[in-house]
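The values are calculated or read from the model by the stated rules, or taken from the named source; none is laboratory data. What you see is a predicted model, and the numbers here were worked out from it, not measured in a lab. Cβ atoms come from the backbone with ideal geometry, glycine included; neighbour counts cover every protein chain shown.
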Amino acid sequence: MARIGFVGLGNMGGPMARNLVKAGHEVAVFDIVPELVARCAGARPAASAAEAARGAEFVLTMLPAGAQVRDAWLGAGGMAAASAAEAVLVDCSTIDVATAREVAAGSGRAFLDAPVSGGVMGAEGATLTFMVGGEEAAFARAEPVLRQMGRAAIHCGRAGAGQAAKACNNMILAATMIATCEAFVLAEKLGLSHQALFEVASKSSGQSWSLTTYCPVPGPVPGSPANRDYAPGFAAGLMLKDLGLAAEAAAATGAATPMGAQALALYRDFVAAGGGGTDFSGIIRMLREGA
Ligand code: NAD
């Protein structure tokens with residue numbers, strides 16, 4: 001049993017904090033929305049982010065973006081200064097690599113960036129995957145706690161490496177999803193059935209997670225969002241956010257990512273056309289219309 005502070009109790013953070021309570025930890029929670037604090041039965045409501053951090057062995061945040069993360073830890077939230085000198089601080093939000101490194105350096109504590117994949121279902125079922133950047137020793141201390149909210153925690157390297165892994169992974173995901181969608185649209189024009197393309201590509205070199213788990217047409221993979229009118233799943237709006245972070249990282253480092261840039265442009269169009277709340281595989285509809 002550990003003393004844990006948890007700040008940011010939204011779609012992801014709420015169930016993650018509740019899983020820590022369920023695991024028997026003493027959890028102090030805070031969110032700027034009081035109703036979300038009230039939903040964390042068994043946790044101790046804190047009056048501020050700094051109060052949630054005070055005296056805890058592990059302090060976690062799950063916030064929308066880099067600005068909120070910087071503000072909570074180093075700015076008005078004052079969480080880093082309020083936390084114990086020997087505490088391990090963990091930010092699970094998806095943010096840009098530069099801010100992750102800035103906050104880690106500015107915290108003066110053992111700090112990990114630990115973004116997740118697995119979505120709301122993964123948060124609820126404690127099946128998330130954590131991609132972690134920071135010192136090995138801090139990772140070793142935090143891993144058992146992370147594993148109570150997920151099924152895997154992978155140490156990726158120094159500060160910012162977790163965010164780097166997330167940006168790279170999701171750039172691959174977006175590009176393979178668009179390519180998979182395009183292949184199904186072409187198959188339709190050629191009179192090739194969805195099932196036939198799936199049978200071939202899933203056993204051939206066209207195989208990918210986008211095809212075999214999130215197949216963008218209904219039928220071949222019964223559990224994929226296409227079978228429920230593209231209800232997410234992984235919302236296109238969140239994919240657009242992640243592609244923006246990848247593009248920012250590419251610009252900052254001078255990496256050439258033309259496919260990533262094209263995926264960003266297509267998801268920007270899809271979200272602008274109202275697709276932000278649908279699953280990211282729903283972009284097939286826009287491609288079918290001849291975007
Ligand atoms: P959310 O908007 O539901 O939750 C964020 C919470 O942070 C809100 O409850 C908000 O009130 C709170 N908050 C904002 N500023 C605060 C502050 N200064 N102090 C305290 N609380 C504050 O978002 P979410 O879906 O839970 O996502 C959180 C993070 O996880 C994001 O970075 C997102 O990109 C990432 N993520 C989300 C998913 C997903 O499927 N939702 C999947 C993977 C990663």
Inset, instruction - Would you check if there is a residue in the range 262-270 being within 17 Å of Leu173 (Cβ to Cβ), touching an Asp or Glu at 6+ places or on another chain (Cβ under 6 Å), in contact (Cβ under 8 Å) with a residue 40 or more places away in the chain and not assigned by TED's automatic domain parsing to the domain that holds Ser117? - result: no
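Matching residues to (1) surrounded by fewer than 18 Cβ atoms within 10 Å (Cβ to Cβ); (2) at pLDDT below 95; (3) touching a Pro at 6+ places or on another chain (Cβ under 9 Å); (4) part of a helix (DSSP H, G or I):
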| position | (1), (2), (3), (4) |
| --- | --- |
| Tyr230 | no, no, yes, no |
| Leu243 | no, no, no, yes |
| Ala247 | no, no, no, yes |
| Ala251 | yes, no, no, yes |
| Gly260 | no, no, no, yes |
| Ala265 | yes, no, no, yes |
| Val271 | no, no, no, yes |
| Gly277 | yes, no, yes, no |
Inset, instruction - Look at Val185 and say whether it is closer than 30 Å to Arg285 by Cα, touching a helix residue (DSSP H, G or I) at 6+ places or on another chain (Cβ under 6 Å) and β-branched (Val, Ile, Thr). - result: yes
Legend entry - Of the criteria (1) over 14 Å from the mean Cα position of the chain (by Cα); (2) more than 30 Å from Leu287 (Cβ to Cβ); (3) small (Gly, Ala, Ser), which one Ser202 fails: (2)
Legend entry - Selection from the range 16-36 of residues that are within 14 Å of the ligand (Cβ to nearest atom), assigned to a helix (DSSP H, G or I) and surrounded by 21 or more Cβ atoms within 10 Å (Cβ to Cβ): Met16, Ala17, Arg18
Legend entry - Criterion: at pLDDT 95 or above and either away from the ligand (no atom under 11 Å from the Cβ) or among the basic types (Lys, Arg) (or both) - qualifying residue of Leu112, Leu128: Leu112
Legend entry - Of all residues in the range 49-69 being in a loop (DSSP other than H, G, I, E, B) and within 18 Å of Glu143 (Cβ to Cβ), the one that is farthest from the ligand (Cβ to nearest atom): Glu57
Inset, instruction - Select, from Ala82, Ala161, Ala138, Ala104, the only residue that is farther than 19 Å from Ala53 by Cα and at pLDDT 95 or above. - result: Ala161
Inset, instruction - Write out, first by first residue and then by second, each pair whose Cβ atoms fall under 8 Å of each other, whose residues are 6+ apart or on separate chains, and whose first residue, in the range 229-243, is within 11 Å of Leu173 (Cβ to Cβ) while the second is modelled with pLDDT under 95 and near the ligand (Cβ under 10 Å from one of its atoms). - result: Phe234/Gly119
Inset, instruction - For residues that are away from the ligand (no atom under 15 Å from the Cβ), under 13 Å from Gly282 (Cβ atoms) and in a helix (DSSP H, G or I), tally how many sit in the range 211-228. - result: 3
Legend entry - Conditions (1) surrounded by 20 or more Cβ atoms within 10 Å (Cβ to Cβ); (2) within 16 Å of the ligand (Cβ to nearest atom); (3) in the same structural domain as Gly260 (by TED's automatic domain parsing): number failed by Ile172: (1)
Inset, instruction - Report whether or not Ala47 is without any contact (Cβ under 8 Å) to a residue 12 or more places away in the chain and not polar (S, T, N, Q). - result: no
Inset, instruction - Considering only the range 1-15, state which residues are buried (at least 23 other Cβ atoms within 10 Å of the Cβ), in a strand (DSSP E or B) and not small (Gly, Ala, Ser). - result: Ile4, Phe6, Val7
Legend entry - The listed residue being more than 10 Å from the ligand (Cβ to nearest atom) and touching a strand residue (DSSP E or B) at 6+ places or on another chain (Cβ under 6 Å), out of Ala43, Ala81: Ala43
